[in-house]
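> Take this structure, written in structure tokens, and hold onto it; I'll ask about it next.
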Amino acid sequence: MNNSKQTGADPRAEINSEKSLTDTRKGKPFKVLRQLFIDENRKRFPSVPDHCRVIPKYQDKTANGLTRCIIDFLKFSGHQSERINSTGRVIDHRKSYTDTLGHVKTIGGVKYIPTAGTRGTSDISATIQGKSVKIEIKIKSDRQSEYQKEYQRQIEQAGGLYFIARSFDQFYNWYNETFQEGGQ
């Protein structure tokens, strides 16, 4: 007889949680991240049965995917983390009108306003065990700009930590070495 039927648990919950730990990405870091998500989701929504929980398909093939993995991992692990948006913005001054012949005309232009933030700032800012941590996301052949190298130098000189993440596995290993195994 199935053990879940003896305890009254829903057998689909076991299947769902097993599937969730073996979906999109293999490897311990992604299994840990998905389990942290499930645990956090159970705390926030205790009345939702496990088989009804939607577990994100975490991946680190894109900069946005890797950023989401790292931010979620840090938040679910009890740390503060946030994405830093350092892009400028576009202001659209165009106006359209219809002339007396029925033609649509557009006048004005578009203007780009650069960011007011620090040039070279990192993609993620976090506080881990009281330590300021800046994380730069680099995928494939992406490299640091001179502004980013200077920003890294300033952070490290001030006593903060700066890390360049190229994959979630790499970040997970750095995190464990730095914070879990008596590092910093």
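The values are calculated or read from the model by the stated rules, or taken from the named source; none is laboratory data. Treat the numbers as computed from the prediction; the structure is a model and nothing was measured. Cβ atoms come from the backbone with ideal geometry, glycine included; neighbour counts cover every protein chain shown.
> Restricting attention to the stretch 122-147, which residues are in contact with an Asp or Glu (Cβ under 9 Å, 6 or more places away or on another chain) and farther than 20 Å from Ile71 by Cα?
Gln144, the sole residue that qualifies.
> Additional query: So, in the stretch 118-173, how many residues would count as being of a type outside the set (Gly, Ala, Ser) and in a loop (DSSP other than H, G, I, E, B)? Steps first, answer last, please.
As a first pass, look at the stretch 118-173 and keep what is of a type outside the set (Gly, Ala, Ser): 118-119, 121, 123-124, 127-129, 131, 133-140, 142-144, 146-157, 161-164, 166, 168-173.
Next, from what is left, pick out any that are in a loop (DSSP other than H, G, I, E, B): 118-119, 121, 123, 129, 138-140, 142-144, 166.
Of the residues in the stretch 118-173, 12 are of a type outside the set (Gly, Ala, Ser) and in a loop (DSSP other than H, G, I, E, B).
> Does Leu66 satisfy the criteria of being within 25 Å of Ile128 (Cβ to Cβ), touching a residue at least 40 places away in the same chain (Cβ under 8 Å) and touching a strand residue (DSSP E or B) at 6+ places or on another chain (Cβ under 6 Å)?
Details: within 25 Å of Ile128 (Cβ to Cβ): yes; touching a residue at least 40 places away in the same chain (Cβ under 8 Å): yes; touching a strand residue (DSSP E or B) at 6+ places or on another chain (Cβ under 6 Å): yes.
Judged against the criteria, Leu66 is a match.
> Then there is this: Is there a residue being touching a residue at least 24 places away in the same chain (Cβ under 8 Å), over 30 Å from Asp39 (Cβ atoms) and surrounded by 12 or more Cβ atoms within 10 Å (Cβ to Cβ) anywhere in the stretch 125-138? Walk me through how you get there before you give the answer.
Filtering the stretch 125-138 for residues touching a residue at least 24 places away in the same chain (Cβ under 8 Å) gives 125-129, 131-138.
Imposing the further condition that a residue be over 30 Å from Asp39 (Cβ atoms) reduces the set to none.
No, every residue in the stretch 125-138 fails to be touching a residue at least 24 places away in the same chain (Cβ under 8 Å), over 30 Å from Asp39 (Cβ atoms) and surrounded by 12 or more Cβ atoms within 10 Å (Cβ to Cβ).
> Mind listing just one residue for me: the one in the stretch 78-104 that is surrounded by 10 or more Cβ atoms within 10 Å (Cβ to Cβ) and basic (Lys, Arg) and, of those, modelled with the lowest pLDDT?
Selected residue: Arg89.
> So, Arg34, is that one more than 21 Å from Asp123 (Cα to Cα), more than 16 Å from the chain's Cα centre (by Cα) and without any contact (Cβ under 8 Å) to a residue 60 or more places away in the chain or not?
Taking the combined requirement at face value, the residue does not satisfy it.
> If you scan the stretch 152-184, which residues turn out to be at pLDDT below 95 and either crowded, with 18+ Cβ neighbours inside 10 Å or at positive phi (or both)?
The one that is at pLDDT below 95 and either crowded, with 18+ Cβ neighbours inside 10 Å or at positive phi (or both): Gly182.
> Return yes when Ile91 is in contact (Cβ under 8 Å) with a residue 12 or more places away in the chain and assigned to a strand (DSSP E or B) and no when it is not. Walk me through how you get there before you give the answer.
On the way: in contact (Cβ under 8 Å) with a residue 12 or more places away in the chain: yes; assigned to a strand (DSSP E or B): yes.
Considered against the rule, which asks whether it is in contact (Cβ under 8 Å) with a residue 12 or more places away in the chain and assigned to a strand (DSSP E or B), Ile91 comes out as yes.
> So how many residues does the stretch 41-64 have that are surrounded by 15 or more Cβ atoms within 10 Å (Cβ to Cβ), part of a helix (DSSP H, G or I) and not small (Gly, Ala, Ser)?
Residues that pass the stated criteria total 2.
> Restricting attention to the stretch 69-77, does a residue exist that is surrounded by fewer than 17 Cβ atoms within 10 Å (Cβ to Cβ), at pLDDT 95 or above and out of contact with any strand residue (DSSP E or B) (no Cβ under 8 Å at 6 or more places or on another chain)? Break it down into steps so the answer makes sense when it comes.
The first filter runs over the stretch 69-77 and keeps only residues surrounded by fewer than 17 Cβ atoms within 10 Å (Cβ to Cβ), leaving 75, 77.
Next, only the ones that are at pLDDT 95 or above stay: 75, 77.
If we keep only those that are out of contact with any strand residue (DSSP E or B) (no Cβ under 8 Å at 6 or more places or on another chain) as well, we get 77.
Looking for residues that are surrounded by fewer than 17 Cβ atoms within 10 Å (Cβ to Cβ), at pLDDT 95 or above and out of contact with any strand residue (DSSP E or B) (no Cβ under 8 Å at 6 or more places or on another chain), one finds at least one in the stretch 69-77, hence yes.
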